[in-house]
Amino acid sequence: MELRHLKMFCAVAENGSFTAAAEKIHNVQSNVTMRIKELETELSQQLFIRQKNGVVLTSAGQVFLGYAQRILQLTDESRNALLDNASPRGLLRLGSMETTAAIRLPKVLARYHERFPQVQLSLMTGTTNELIKAVECHRLDGAFVGGFHQSATLHQEEIFREELVLVSGRDFASLAALANQMSGLTVLAFRTGCFYRSTLEHWFYQAGIIPGQVMELGTLDGIMSCVAAGMGVTLLPRSVVDGHGTRPAVHCHELPLEFAQVKTVFIRNKDTLVTPALTALLDLSHEQFAIDEAVAPSPVDGDMLHATQACVDTAQVH
C-alpha cells in the first residue's frame with residue numbers, strides 16, 4: 001500500500017467519481033481506476049459501488065476512508081514537524097459557519113495571509129454539525145462552530161461571544177407582536193445542523209410558539225434579503241445583521257439571555273498536531289476579535305441610530 005493509492009482513494013471518495021478525482025489530482029482516469037482496483041485487491045475488500053453516474057463508498061470503504069485520511073494527515077504533520085517551527089508554513093484547512101466566515105473571519109484571514117504568506121489556507125463553510133464531523137475525521141485541521149459540544153475527541157476553545165437576535169421585517173415593532181403572528185410566518189434558516197437554527201427551535205419550544213413553515217436557504221445574503229422583503233423571520237448574531245446591507249429594512253428583537261448569549265468556539269481533533277500555522281491563526285483570531293469587541297457599538301446605540309435615521313427620513317418626507 002502506497003501513499004499515492006491512499007491519495008487517489010480519498011480523492012475518489014470526496015469527488016464521487018474516478019473522472020472527477022483524476023482531474024482533482026491531475027492524473028489520468030485510467031490510472032486512478034487501476035490503482036483503486038489494486039488497493040481493493042490488496043485489502044480483499046470492495047471499497048466502491050460503481051454506478052452509471054459515479055461511485056459511492058461501501059461500508060468497508062467508509063471504514064477505510066477514516067484511516068486513509070488520518071494516515072495522510074499524519075504524513076503532512078510529520079513533514080511539518082521537521083520544518084523550521086519558528087515560521088508557519090504548509091497547508092492549513094479551516095472550517096467555519098457561514099455567518100462567521102462572512103463577518104468575523106475576513107479581517108483575520110487577510111492579516112494572516114499578509115503575515116504568513118507561506119501558509120496555504122483553505123476554508124470550508126458548513127453547519128456546526130457538518131464541521132464537527134469534518135474535524136473528527138481529520139478532513140479539517142480546525143473549525144469555528146457554535147457553542148461547546150459533548151465530544152471526547154475534540155479540543156474546544158472559546159474565541160468570542162455573540163448576541164443572537166430574532167430578525168424580522170420593519171412591520172413588527174415588538175417581540176410580542178411578532179410572537180402573536182408567528183404561526184403565519186415563515187422561518188428562514190440554514191439547513192438542519194445549523195447551531196443558530198437549533199437555538200431558535202429551542203426558544204420556540206420553551207416559549208410555546210409554533211411557527212409556520214421552515215424555508216432553508218444556503219447563503220446569508222439570501223436569508224437577509226428574504227427577511228428584508230417581509231417573507232419571514234430568522235435568528236442571527238447582531239453583528240451579522242448590523243454589518244449587512246439590508247439592516248435599515250429589518251428589525252432586531254432581543255431574546256431572553258439564555259438564548260441570546262452564545263459562544264463561538266474553535267475546535268480541533270485532540271490527535272491533531274498543533275502546528276505553528278495553527279497556533280498563529282488562533283493568536284491572531286483572539287487579537288482581532290478583541291479589537292472588534294472594543295470598537296463595536298452597543299446594541300442600544302445601534303437601535304437609536306436607526307430610529308434617529310427613521311425620524312430624519314420622516315421629517316424629510318413631510
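Odds and ends about this structure:
- Counting the residues of segment 180-203 that are at pLDDT below 90 and either part of a loop (DSSP other than H, G, I, E, B) or under 20 Å from C226 (Cβ atoms) (or both) gives 5.
- Test result for T128, of a type in the set (S, T, N, Q), at pLDDT below 95, in contact with a Phe, Trp or Tyr (Cβ under 8 Å, 6 or more places away or on another chain) and surrounded by 14 or more Cβ atoms within 10 Å (Cβ to Cβ): no
- Matching residues in segment 183-217 - criterion: being touching a strand residue (DSSP E or B) at 6+ places or on another chain (Cβ under 9 Å) and farther than 24 Å from T128 by Cβ: L185, G212
- Among the residues making up segment 278-292, a single one is β-branched (V, I, T) and within 20 Å of V135 (Cβ to Cβ): T279.
- All positions within segment 146-172 that are part of a loop (DSSP other than H, G, I, E, B) and crowded, with 20+ Cβ neighbours inside 10 Å: F172
- Segment 238-261: number of residues that are part of a strand (DSSP E or B) and either modelled with pLDDT under 90 or closer than 20 Å to M224 by Cα (or both): 5
- Subset of segment 253-267 that is surrounded by fewer than 20 Cβ atoms within 10 Å (Cβ to Cβ) and under 18 Å from the mean Cα position of the chain (by Cα) - its residue that is nearest to I209 (Cα to Cα): V262
- Identity of the residue in segment 214-252, surrounded by fewer than 19 Cβ atoms within 10 Å (Cβ to Cβ) and aliphatic (A, V, I, L, M), that ends up farthest from C194 (Cα to Cα): A249
A quick yes/no check of all residues on (1) over 20 Å from Q261 (Cβ atoms); (2) touching an Asp or Glu at 6+ places or on another chain (Cβ under 9 Å):
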| residue | (1), (2) |
| --- | --- |
| L123 | yes, no |
| R139 | yes, yes |
| S151 | yes, yes |
| E157 | no, no |
| L164 | no, no |
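- Lone unmet requirement of (1) among the basic types (K, R); (2) under 20 Å from A280 (Cβ atoms); (3) not in a strand (DSSP E or B) for R93: (3)
The values are calculated or read from the model by the stated rules, or taken from the named source; none is laboratory data. All figures in this text were calculated on a predicted structure; none of them were measured in a lab. When we count neighbours, we look across all protein chains shown, and the Cβ atoms used for this are built from the backbone with ideal geometry, even at glycine.
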